[in-house]
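Participant: Right, I'll just put the structure down here and ask away after.
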Amino acid sequence: TRPKRIAVLPGDGIGPEIVEEGVKVMKAAGERFGYHFEIDFGWIGGSAIDRLKNPLPQETLTLCHQADAVLLGAVGGPRWDQHPPALRPEKALLGLRKELDLFANLRPTTLFPGLEDSSTLKPEVLKGVDFLVVRELTGGIYFGEKFTEDTPAGEKATDTLVYSETEVERILRRAFDIAQLRGKKVTSVDKANVLESSRLWRKVADRVAKDYPDVELTHLLVDNCAMQMIRRPADFDVVVTENMFGDILSDEAAILTGSIGLLPSASLGEGHQGLYEPVHGSAPDIAGQGVANPIATILSVALMFRYSFHDDTVAKAIEGAVTDTLASGARTMDLVSTGRLAYSTEEFGDKVVEALNKYQPDP
Ligand code: NAD
Ligand code: IPM
Ligand code: MN
């Protein structure tokens, strides 16, 4: 078969460090399972601003359009925080998601055996945690009209939150489709007691649910959901919500697994193309030290095999290799209790490759 074209966008901060390990594991999986890759690197975010004065250069967009899948590290950092909105690193990420029409952001949250102690929550609360946040990614308050004005009473800033029925319906259908393949439970999260857009969301959710009689739909208000997710996390299966609520809830969910350095994501549209990136950011506080956890990026590579190449065998092998590596006791700095020795980003990536080469699928 023809090689898979992968656009690799390391970005800023720890981005290049974790992406290197992701690519390493991707290549190892390719060798073991017979994939050929054509890898093209592109600038994005602050590193693109520094070189090309544009956070999302046209050549990067072109690379991504031509790719079967995009692997991204992270963008942003204090160096660019005072830039005007159009020249901020984060703008590139939003632009890329929008340009590729990747409206469905899947953020799985699962607990790896042995990591109960890395979480700040009680082990008995974490038992059985395995849910998926389905976050709407190309609409809502991130993309509504925004402006600032000077008024006699001082500066005034506006962000608008707009959702069309079509946008809401396609993300809800995606959530129900996925729920049918999992635990058949959808929790739809909104703020329908206050927001018009949420009232539309809830109405569409009820209508879509009628087409999925085997899936159970529950509505939760977002504030309550934030609480229930910590109180009884194992009860959740698929959590579907709008853009900003999904951003916040998925960082909260990280604490159930032990570290934000563990959470991968897949951003999908109607086709096979996808953007794969960790949920976390560029972590400027630890960048350049070689200590970042590469697991979120490595698991994002697993999602690439699952959702863009429709190859669950390879996805499971990568996930299994991460599980085995953690089971061997290997930990990065974010996961160790004080006094225990931690692996560097690179050492951990090497361990995962070793485990992948030894990995035997369950019969
Ligand atoms: P962050 O996720 O970068 O970091 C939050 C905390 O988690 C920090 O203490 C960091 O050290 C730690 N952390 C994150 N990833 C880690 C990893 N792989 N291993 C170990 N520890 C890890 O969030 P922030 O500090 O709020 O944001 C920093 C910058 O990243 C900002 O400019 C923000 O806009 C950007 N950001 C980018 C993305 C993205 O590119 N997808 C996502 C979130 C934030
Ligand atoms: C994420 C990030 C981004 C978001 C930022 C960097 C624009 O927080 O991917 O979760 O809010 O979507
Ligand atoms: Mn976020």
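All of the numbers you see were taken from the coordinates with simple rules; none came from a lab. No experiment lies behind these values; they were computed from the predicted model shown. For neighbour counting, all protein chains shown are included, and Cβ atoms are generated from backbone atoms with ideal geometry for every residue, glycine included.
Participant: Along each of its three principal axes, how wide is the spread of alpha-carbon positions in segment 203-280, in whole angstrom units, largest first?
Facilitator: Sorted largest first, the three principal extents are 38, 36, 22 Å.
Participant: A further question follows. Provide the three semi-axes, in whole Å and in decreasing order, of the ellipsoid equivalent to the chain as defined by the square roots of 5 times the Cα gyration tensor eigenvalues.
Facilitator: 30, 26, 21
Participant: Quote the FRET efficiency, to the nearest 0.05, computed for Glu216 versus His65 with a Förster distance R0 of 51 Å and r equal to the Cβ-Cβ distance.
Facilitator: That gives a FRET efficiency of 0.85.
Participant: Return the subset of Lys98/Lys127; Lys127/Lys184; Lys24/Lys184 for which the Cα-Cα distance in this structure is over 31 Å, preserving the input order.
Facilitator: Lys98/Lys127; Lys24/Lys184
Participant: Quick one: if the Förster radius is 22 Å, what FRET efficiency do Leu195 and Arg231 give, using the C-beta to C-beta distance and rounding to 0.05?
Facilitator: 0.40
Participant: If one computes the Cα centroid of segment 24-95 and of segment 171-197, what distance in Å separates the two points?
Facilitator: 30
Participant: If the elastic network links every pair of Cα atoms under 10 Å, which of Thr109, Thr323, Thr160 fluctuates the most in the Gaussian network model of the chain?
Facilitator: Maximum among the listed residues: Thr160.
Participant: For segment 120-257, what size does the Cα cloud have along each of its three principal axes, sorted from largest down, in whole Å?
Facilitator: The Cα atoms of segment 120-257 stretch 55, 40, 23 Å along their principal axes.
Participant: Right, next: So what is the relative contact order of the chain, in percent, for Cα pairs below 8 Å that sit 6 or more residues apart?
Facilitator: It comes to 22 percent, rounded to a whole number.
Participant: All other residues with a Cβ under 9 Å from the Cβ of Ser250 taken together, and with Lys, Arg as +1 and Asp, Glu as -1, what is their net charge?
Facilitator: For residues surrounding Ser250, the net value is -1.
Participant: For Asp312 and Glu149, what is the calculated FRET efficiency with R₀ set at 35 Å and r taken between the beta-carbons, to the nearest 0.05?
Facilitator: Once the sixth-power term is evaluated, E becomes 0.10.
Participant: Compute the signed sum of charges (Lys and Arg +1, Asp and Glu -1) over the other residues within less than 13 Å, Cβ to Cβ, of Phe147.
Facilitator: After counting each charged neighbour, the total is -3.
Participant: Taking Rh as the Kirkwood radius computed over C-alpha pairs, what is the Stokes-Einstein D of segment 10-157 at 20 °C in a medium of viscosity 1.002 mPa s, expressed in µm² per second?
Facilitator: Estimated diffusion coefficient is 116 µm²/s.
Participant: Please give the direction-averaged projected area of the C-alpha convex hull for segment 88-160, in square nanometres with one decimal.
Facilitator: Quarter of the Cα hull surface area: 8.4 nm².
Participant: Let me ask something else. In nm, what is the difference between 0.36 nm times the number of residues separating Lys185 and Leu121 and their Cα-Cα distance?
Facilitator: Between Lys185 and Leu121, full extension yields 20.6 nm more.
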